[in-house]
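Bear in mind that the values in this text are calculations on the coordinates, not laboratory data. Quick caveat, the model's predicted, so the values are computed rather than measured. Counting neighbours? That spans all protein chains shown, and the Cβs are built from the backbone with ideal geometry, glycine included.
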Amino acid sequence: MNPIPTASADGHAPASAGVVPALSISDLRKTYDNGVQALKGASLEVAEGDFFALLGPNGAGKSTLIGIVSSLVNLTGGRVEVFGIDITRDRDAAMRQIGLVPQEINFNTFEKPVDILVNYAGFYGVSRAEAIRRAGEELRRAHLWEKAEVSSRTLSGGMKRRLMIARAMMTRPRLLILDEPTAGVDIEIRRDMWRTLRRINESGTTIILTTHYLEEAEYLCRNLAIINHGEIVSSGPMKSLLARLDVEGFVLDVDGELPATLPVVEGATLAAADRHTLELDMPRTMNLNRVFAALDAAGIRVRSMRTRSNRLEELFVRIVAPAGEGA
Ligand SMILES: Nc1ncnc2c1ncn2[C@@H]1O[C@H](COP(=O)(O)OP(=O)(O)O)[C@@H](O)[C@H]1O
Ligand SMILES: [Mg+2]
């Protein structure tokens with residue numbers, strides 16, 4: 001496994017030595033009652049101020065991990081500390097550090113946004129006057145101020161999700177955790193949420209989100225861990241992980257039939273998928289013209305071309321699949 005990230009890639013909010021991390025997980029294990037081993041000894045550390053992604057496919061164990069950190073799921077083994085507070089020994093104190101945004105919209109849509117926020121804070125012991133003050137702040141930050149008094153039912157999908165974030169911020173958490181905040185939402189809503197989350201992170205709140213969109217992790221996060229089958233297979237700064245995506249795969253559809261012998265292009269790999277389709281693997285830095293010149297010289301005419309897979313799949317092929325563990 002890779003070393004645990006200790007510094008940001010781009011100089012934002014570095015994890016200074018000696019400072020208590022926002023989240024520290026070691027050897028976390030979870031076996032559900034039905035025998036499913038959802039976590040098989042996961043370890044990771046998130047520095048205060050970081051914007052951290054837990055990236056992995058469906059069923060990888062993301063929600064289980066988030067559930068344990070936010071005390072919704074009991075752990076089977078291992079240790080979790082939130083700002084140095086052990087969640088098993090001092091659950092309530094640990095919980096007070098955390099704001100959780102679940103994947104599904106789970107507020108009463110017959111309530112007004114302002115009431116949803118004020119009542120939530122009241123539930124966590126915030127005085128009414130203070131809760132009203134904070135609700136104003138959070139509604140403004142979420143660009144929902146004009147919607148404070150409408151029925152939440154009338155909010156758009158994006159607004160509802162921003163309201164969920166605003167609600168989680170009402171207790172002034174030092175650590176905001178979001179479980180697949182943008183799964184299944186359209187790109188406009190996603191972008192809108194990204195902007196909101198960035199503003200929150202810029203104001204000092206540590207953010208951890210789970211996602212299966214590489215693009216989301218790439219856009220938002222400085223550090224990430226990749227989880228697969230209950231194991232952290234790689235972790236570190238986003239930038240160094242993306243640097244490993246240095247090989248690109250293409251599929252080329254050709255006119256007519258491919259010759260029996262394919263041209264050789266140094267540095268690239270050409271293979272026939274079938275008689276009309278070529279697969280090309282080449283370093284990202286390599287010039288495509290060289291490939292096309294060689295194909296042209298061999299009398300092969302390319303009709304269309306597409307990248308073979310999405311980048312998250314590439315990342316998994318290159319990092320997760322080969323040895324079953326991170327390089
Ligand atoms: N309450 C549960 N009972 C039994 N198995 C569960 C439960 N919740 C999740 N699992 C299983 O644990 C594994 C990890 O699930 P989950 O943490 O939800 O992954 P992710 O959020 O990455 O999709 C999956 O195999 C899932 O089916
Ligand atoms: Mg999940």
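Would you mention how many residues in region 25-51 are within 16 Å of ligand 2 (Cβ to nearest atom) and of a type in the set (A, V, I, L, M)?
So the count comes out to 5.
Tell me whether region 163-183 contains one or more residues that are within 16 Å of ligand 2 (Cβ to nearest atom), surrounded by 15 or more Cβ atoms within 10 Å (Cβ to Cβ) and of a type in the set (Asp, Glu).
Yes, the conditions are met somewhere in region 163-183.
Of all residues in region 52-82, how many are hydroxyl-bearing (Ser, Thr, Tyr) and within 16 Å of ligand 2 (Cβ to nearest atom)?
Count: 3.
Only one residue in 66, 105 is out of contact with any strand residue (DSSP E or B) (no Cβ under 9 Å at 6 or more places or on another chain) and β-branched (Val, Ile, Thr), so which one is that?
Result of the check over 66, 105: 105.
Please pick out the residue among 199, 190 that is of a type in the set (Lys, Arg) and within 13 Å of the chain's Cα centre (by Cα).
Answer to the check: 190.
So, residue 19, is that one within 14 Å of ligand 1 (Cβ to nearest atom), surrounded by fewer than 22 Cβ atoms within 10 Å (Cβ to Cβ) and not polar (S, T, N, Q) or not?
no
Can you confirm whether residue 150 is over 16 Å from residue 220 (Cβ atoms) and either β-branched (Val, Ile, Thr) or in a strand (DSSP E or B) (or both)?
Here the answer is yes, as residue 150 does meet what is asked.
So which of 144, 176, 155, 117 is in contact (Cβ under 8 Å) with a residue 60 or more places away in the chain and touching a helix residue (DSSP H, G or I) at 6+ places or on another chain (Cβ under 7 Å)?
After ruling out the rest, the residue left standing is 176.
Given the conditions (1) β-branched (Val, Ile, Thr); (2) within 16 Å of ligand 1 (Cβ to nearest atom); (3) surrounded by 20 or more Cβ atoms within 10 Å (Cβ to Cβ), and given that residue 98 satisfies all but one, which numbered condition is not satisfied?
(2)
Would you tally the residues in region 62-82 being over 16 Å from residue 32 (Cα atoms), part of a strand (DSSP E or B) and touching a helix residue (DSSP H, G or I) at 6+ places or on another chain (Cβ under 9 Å)?
Of the residues in that region, 3 qualify.
State whether one or more residues within region 242-252 are closer than 16 Å to residue 305 by Cβ and among the small types (Gly, Ala, Ser).
yes
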